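The values are calculated or read from the model by the stated rules, or taken from the named source; none is laboratory data. Small disclaimer: the values here were computed from a predicted structure and weren't measured. Glycine gets a Cβ as well: all are built from the backbone with ideal geometry, and neighbour counts include every protein chain shown.
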Amino acid sequence: MTLFEIMIVIFLIGLIASVIGYNMKGSLDEGKAFKTRQAKEQIHDILLLEYANNSQSVSLDEIARDAERYLTAAGIVKNPKELLKDGWGKPFKITAIGSDLKITSQALNDYNQKKDRIKNSAEKEAERDEEEEN
């Protein structure tokens, strides 16, 4: 093989690797979003069970403030500190609202907004293309 052929092969391998890497980033973010949604549901359910078991001695606000303690007390969660982090490794914000808990992740909100912006721009572009065809 000549040096030129080797350079072409290396270029093609690099091109393929970059395309795969770009596609995997989207998959990784989707996986982090899925993990975050699942963790939010688990935290919500476990903390409400703990509230139901201890409702006469503890308030929902206290459970929201010290979620790690109550997740540990439930005995269901292997690692409460990790469960209280979203897929991006950032802590959830837990607040008591009436007789329910609201669990939010800023990173998930940012991801969803980014995804919506991309979707909206793609829809607008498709509409423009359709108008140009007509």
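The range 18-87 holds helices (runs of 4 or more DSSP H) entirely within its bounds, and those carrying 3 or more residues that are within 19 Å of the chain's Cα centre (by Cα) map to 80-83.
Scanning the range 52-96 for residues that are touching a residue at least 40 places away in the same chain (Cβ under 8 Å) and farther than 30 Å from residue 27 by Cα yields one hit, 60. Return the pairs, sorted by first residue and then second, in which the second residue is in a helix (DSSP H, G or I) and surrounded by 10 or more Cβ atoms within 10 Å (Cβ to Cβ), the first residue lies in the range 3-29 and is touching a residue at least 12 places away in the same chain (Cβ under 8 Å), the beta carbons are less than 9 Å apart, and the residues are 6+ apart or on different chains. Sorted first by the residue in the range 3-29, then by its partner, the pairs are 29/111; 29/114; 29/115. Within the range 85-100, the set of residues being modelled with pLDDT of 90 or more and surrounded by fewer than 18 Cβ atoms within 10 Å (Cβ to Cβ) comprises 85, 88, 89, 90, 91, 93, 95, 96, 97, 100.
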